[in-house]
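K.L.:
I have a structure I would like to understand better, so I am pasting it below and will then ask my questions one at a time.
Just so you know, all these numbers are worked out from the coordinates, no wet-lab data involved. The structure displayed is predicted, hence computed values, not measured ones. In this analysis, Cβ positions are derived from the backbone assuming ideal geometry, glycine residues included, and neighbour counts consider all displayed protein chains.
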Amino acid sequence: MIVKDYRYPLHEIENRRDFRHMLDETCRLFEHRESFFEKDEAGVYRGIGFGEFRKNVKALGEALLAAGLQERERIGIMGRNCRTWAIAYYAVTSANLIAVPIDKELTPVEVERIAEKARIAAVIFDNRHSEIFREIKKKNDFLKLLIPFQKGDDYDADVGSMVSEGKKLLEKGSRYYESAEIDPDAATTVIFTSGTTGNPKGVMLSQRNIIANIVQMRQLIWIDETMTFLSVLPLHHVYECTCGFLCQVHAGTRIAYAQSLKKIPDNLTESGATNLNVVPLLLETMSRRIREGINRDRKTRFKFNMGLFICSLVQLVLRKNIRRKVFHQIQERFGGKLDLFITGGAAIKPEVSSFLRKLGFRVLQGYGITECSPFLAANRDRHYSDSAAGMPSPGCDIEIFDPDETGVGEIGVKGPNVMLGYYEEPELTAEVFRNGYFMTGDSGHLDGKGFLHIAGRKKDIIVTKNGKNIYPEEVELLFADCNHIEEIVIAERKDPESSDEVIAGHIYPDYENLSEELSRPADAIDNADIIPLIRREIREINKHVIHYKRLRYFYLHRDPLPKTTTKKVKRYLVAPEGDPIPVYR
């Protein structure tokens with residue numbers, strides 16, 4: 001089904017033929033507009049114009065091809081979010097080479113596995129990862145060039161020196177880069193993703209896939225050259241690469257690179273950021289800290305509630321939104337200009353979105369998957385549902401396969417943003433397509449207003465002996481506001497008494513709250529202190545849940561649950577710690 005009613009007109013966005021054309025058009029409009037801001041040695045954000053960015057891209061592309069790399073060879077890119085990463089990616093893809101972004105948090109063994117599977121001919125990397133690639137190069141003759149971000153004693157060239165060399169070559173009339181013809185329908189990047197399953201797959205995306213996806217995103221959400229995005233999420237992940245880098249090139253938007261997660265509040269102020277792509281965990285943490293500040297004393301709480309009342313009254317009577325003015329002190333804590341959060345990667349609690357919106361922030365939830373470049377749905381400014389993933393991307397044909405009695409089934413997608421396939425895995429590629437639809441592996445439904453709702457991963461569904469489907473993510477959301485539970489993963493286990501399959505929870509306690517409540521440091525709190533408190537919270541939630549979704553057992557984990565770099569829990573790595581603890585006894 002292709003949704004046609006988006007409640008108000010889609011934004012008119014121009015298409016681009018390929019990445020070169022996209023950058024050329026942006027330079028035609030905004031050549032001297034600065035973007036790609038990062039901290040200099042004095043700690044001040046400095047940017048470069050799009051025109052200068054293009055010169056560096058062309059020069060690096062020229063130098064890579066002049067160094068003997070052949071068109072269509074795979075080039076690894078691994079490192080922190082920074083201008084150099086952006087130049088490297090754009091140069092590789094615009095020189096008709098294939099970019100292989102690599103997660104900088106992977107172990108050396110995992111990095112080597114990707115390098116060998118993709119047979120990367122060169123790698124451009126942050127210097128702190130030098131040793132990993134030296135070892136890989138020693139063992140594999142397919143890896144010809146090691147190119148660090150900065151100059152190093154053991155390297156003949158780095159990104160900066162290759163850009164300089166490329167500029168000299170271009171001045172002398174070298175035309176390797178210009179002669180490379182881009183096929184927008186051929187693979188431009190291979191993104192190895194294990195998601196939360198542990199089985200890495202190389203997703204092949206074309207420039208047409210990615211540009212179509214950028215257009216779809218901008219049709220739903222207005223993004224223009226007046227905005228500044230703070231880049232926080234890792235660029236190796238397609239979410240940030242498409243929605244926080246390439247989309248901004250398309251729109252002529254400013255990008256500033258965050259120094260770290262801890263530095264986000266400072267960086268928001270220093271960069272003047274207006275927009276932030278986030279995962280729910282970041283917004284939930286931000287929301288919790290704001291609430292803690294509001295609830296610290298009766299006077300502050302009264303002023304906040306009075307502010308909410310005044311805003312609602314003015315909105316109702318005068319049709320004016322004065323929330324940013326009324327809550328300017330909270331706004332200032334996040335730079336004063338921050339306006340829009342685009343959240344994806346997992347479902348966000350509706351109450352978090354609603355709370356932040358009351359403070360004057362815009363919060364729009366989206367949904368995507370690497371194989372779809374990744375953007376598949378998003379809420380809109382004037383038509384949104386905080387409980388939904390959003391409206392399907394324009395031009396995407398979404399079907400719900402094999403729906404159950406509630407209308408929930410597997411989400412299938414056709415569209416210009418759907419991947420070419422998995423790298424060198426034709427059989428696996430064939431398995432994930434059904435009647436021309438890419439099967440996402442996610443379960444969900446479309447409601448009467450055209451919103452797409454996600455129930456969870458199909459493979460994670462728990463089926464009771466009576467045939468009832470339990471979606472772990474839905475149950476996990478019920479525990480989102482528990483004072484003593486920071487993280488929870490729902491699984492099934494056999495009840496030792498009845499041998500029936502029942503619901504159990506793997507729980508990482510909220511040691512910060514527990515420490516405050518018990519007046520003891522976290523390392524002095526043991527399970528005997530925690531179990532009664534968590535048992536009480538589970539029992540309270542169970543009262544409001546249909547019987548087959550009630551937790552019967554739980555496990556306590558001393559360490560945070562294992563996660564991907566986009567903060568999704570790796571369910572396949574979550575194993576019981578200790579004996580199961582009964583909720584009722």
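K.L.:
For GLU34 and LEU308, FRET efficiency with R0 = 41 Å and r from the beta-carbon atoms, rounded to 0.05? Please list the in-between numbers first.
P.N.:
Numbers: r = 38 Å, r/R0 = 0.94.
With a Förster radius of 41 Å, E is 0.60.
K.L.:
Taking every DSSP beta bridge with both residues inside the chain, roughly what % is antiparallel (nearest 5)? All intermediate terms of the calculation are to be shown ahead of the outcome.
P.N.:
Numbers: 49 of 83 bridges.
About 60 percent, rounded to the nearest 5.
K.L.:
Answer rounded, prolate or oblate for the range 108-226, using the Cα gyration tensor with square roots of eigenvalues a ≥ b ≥ c: rounded when a/c is under 1.5, else prolate when a/b is larger than b/c, else oblate.
P.N.:
Working: a/c = 1.85, a/b = 1.15, b/c = 1.61.
Oblate is the answer for the range 108-226, as a/c is 1.5 or above yet b/c matches or exceeds a/b.
K.L.:
Would you list which aspartates and glutamates come within 16 Å of LYS549, measuring only between C-alpha atoms, while excluding same-chain residues fewer than 8 positions from it?
P.N.:
LYS549 reaches ASP460, GLU473, GLU474, GLU476, GLU492, ASP495, ASP500, GLU501, GLU537, GLU540.
K.L.:
Order these by the 10 Å Cβ neighbour count, fewest first: TYR177, TYR584, TYR155. Display every interim value, and only then the final one.
P.N.:
On the way: TYR177 24, TYR584 11, TYR155 16.
Fewest to most other Cβ atoms nearby, the residues stand as TYR584, TYR155, TYR177.
K.L.:
Starting from the exponent 0.38 and prefactor 2.2 Å, build the expected Rg for the range 365-503 from its residue count and divide its actual Cα Rg by it.
P.N.:
Details: Rg = 17.0 Å, N = 139, 2.2 N^0.38 = 14.3 Å.
Normalised Rg, Cα atoms only: 1.19.
K.L.:
Going by C-beta contacts inside 10 Å, put PHE309, PHE245 in order with the fewest on the left.
P.N.:
Ascending number of Cβ neighbours within 10 Å: PHE309, PHE245.
K.L.:
Report the full-extension gain for the segment LEU261 to LYS468: residue separation times 0.36 nm, less the Cα-Cα distance, to one decimal in nm. Mind dumping the intermediate values first?
P.N.:
Values: separation 207, 0.36 × 207 = 74.52 nm, distance 4.07 nm.
Result for the pair: 70.5 nm of gain on full extension.
K.L.:
For the range 258-318 and the range 38-107, write down the distance between their C-alpha centroids in whole Å.
P.N.:
35
K.L.:
While we're looking at this one, here's another question. Hey, got the Cα dimensions of the range 461-582 along the principal axes, in Å, largest first?
P.N.:
Here the spans come out as 45, 33, 25 Å, largest first.
K.L.:
Of all DSSP beta bridges located in the range 461-582, what percent are antiparallel, nearest 5?
P.N.:
On the way: 14 of 19 bridges.
Around 75 percent of the beta bridges assigned by DSSP in the range 461-582 are antiparallel ones.
K.L.:
First check a/c for the range 386-467, with a ≥ b ≥ c the square roots of the eigenvalues of its C-alpha gyration tensor; if it is under 1.5, answer rounded, and if not, answer prolate when a/b is larger than b/c or oblate otherwise.
P.N.:
Oblate, because a/c is 1.5 or more while a/b does not exceed b/c.
K.L.:
Tally the DSSP beta bridges in the range 135-257 and give the antiparallel ones as a percent, rounded to 5. Don't jump to the answer; show the numbers that get you there.
P.N.:
Values: 6 of 10 bridges.
Percentage antiparallel, nearest 5: 60.
K.L.:
With a cut-off of at most 13 other beta carbons within 10 Å, and DSSP calling the residue loop, which GluC sites (Glu not before Pro) in the range 353-455 qualify? Please list them. Mind showing how you got there, number by number?
P.N.:
Details: sites: GLU371, GLU399, GLU405, GLU410, GLU424, GLU427, GLU431; in loops: GLU405, GLU424.
Sparse-neighbourhood loop GluC sites (Glu not before Pro): GLU405, GLU424.
K.L.:
Any chance you could check the Cα centroid distance between the range 513-555 and the range 359-408 for me, in angstrom?
P.N.:
Each part reduced to its Cα centre gives a spacing of 33 Å.
K.L.:
Next question, about the same structure. For a protection proxy built on the mean count of beta-carbon atoms within 10 angstrom, sort 23-33, 80-90 highest first, please. Let's see the in-between values first.
P.N.:
Values: 23-33: 16.1, 80-90: 23.7.
The peptides rank, most packed first, as 80-90, 23-33.
K.L.:
Taking the range 310-376, which trypsin sites (Lys or Arg not before Pro) meet the DSSP loop condition and have no more than 15 other C-beta atoms within 10 Å?
P.N.:
ARG319, LYS320
K.L.:
Okay, moving on. Hand me the trypsin sites (Lys or Arg not before Pro) from the range 403-452 located in a DSSP loop with no more than 16 other Cβ atoms within 10 Å, in residue order please. Let's see the in-between values first.
P.N.:
Values: sites: LYS414, ARG434, LYS449; in loops: LYS449.
Loop-located and lightly packed - LYS449.
K.L.:
By count of other Cβ within 10 Å, fewest leading, how are SER161, SER287, SER94 ordered?
P.N.:
Values: SER161 15, SER287 21, SER94 24.
Final ranking by Cβ density, sparse to dense: SER161, SER287, SER94.
K.L.:
Also: Can you tell me the FRET efficiency between ASP224 and LYS299 if r is taken as the Cβ-Cβ distance and R0 is 41 Å, rounded to the nearest 0.05?
P.N.:
0.50
K.L.:
Place +1 on the Cβ of every Lys and Arg and -1 on the Cβ of every Asp and Glu in the chain, take the dipole about the Cα centre, and give the residue among ILE210, PRO416, PRO392 whose Cα lies farthest towards its positive end.
P.N.:
Projecting each Cα onto the dipole axis, the largest value belongs to PRO392.
K.L.:
Any chance you could run the full-extension gain for ALA67 through LYS172? It's 0.36 nm times the residue separation minus the Cα-Cα distance, nm to one decimal. Each step should come with its number before you reach the end.
P.N.:
Numbers: separation 105, 0.36 × 105 = 37.80 nm, distance 1.57 nm.
Gain on extension, ALA67 to LYS172, equals 36.2 nm.
K.L.:
Another one. Greater than 19 Å separation of Cα atoms is the criterion. Which listed pairs, LYS55/LYS167; LYS117/LYS201; LYS201/LYS568; LYS543/LYS567; LYS303/LYS337; LYS138/LYS167, meet it?
P.N.:
Details: LYS55/LYS167 8 Å; LYS117/LYS201 10 Å; LYS201/LYS568 17 Å; LYS543/LYS567 30 Å; LYS303/LYS337 23 Å; LYS138/LYS167 31 Å.
Exceeds cut-off: LYS543/LYS567; LYS303/LYS337; LYS138/LYS167.
K.L.:
Looking at the square roots a ≥ b ≥ c of the eigenvalues of the Cα gyration tensor of the range 222-265, which shape do they give, rounded for a/c under 1.5, prolate if a/b is larger than b/c, or oblate?
P.N.:
On the way: a/c = 2.79, a/b = 1.37, b/c = 2.04.
Because a/c hits 1.5 or more and a/b fails to exceed b/c, the range 222-265 counts as oblate.
K.L.:
Related question: Hey, what number do you get for the chain at 222 nm if only DSSP H runs of n ≥ 4 count, each worth -39500 (n - 2.57), divided across all residues, to the nearest 500?
P.N.:
Values: 20 runs with 201 residues, N = 585.
Helices in the chain give a 222 nm mean residue ellipticity of -10000 deg cm²/dmol.
K.L.:
Of the listed values [x] 38, 35, 25; [y] 43, 33, 18; [z] 40, 29, 25, identify the label whose number matches semi-axes √(5λ) of the Cα gyration tensor in Å calculated from this model.
P.N.:
Entry [z].
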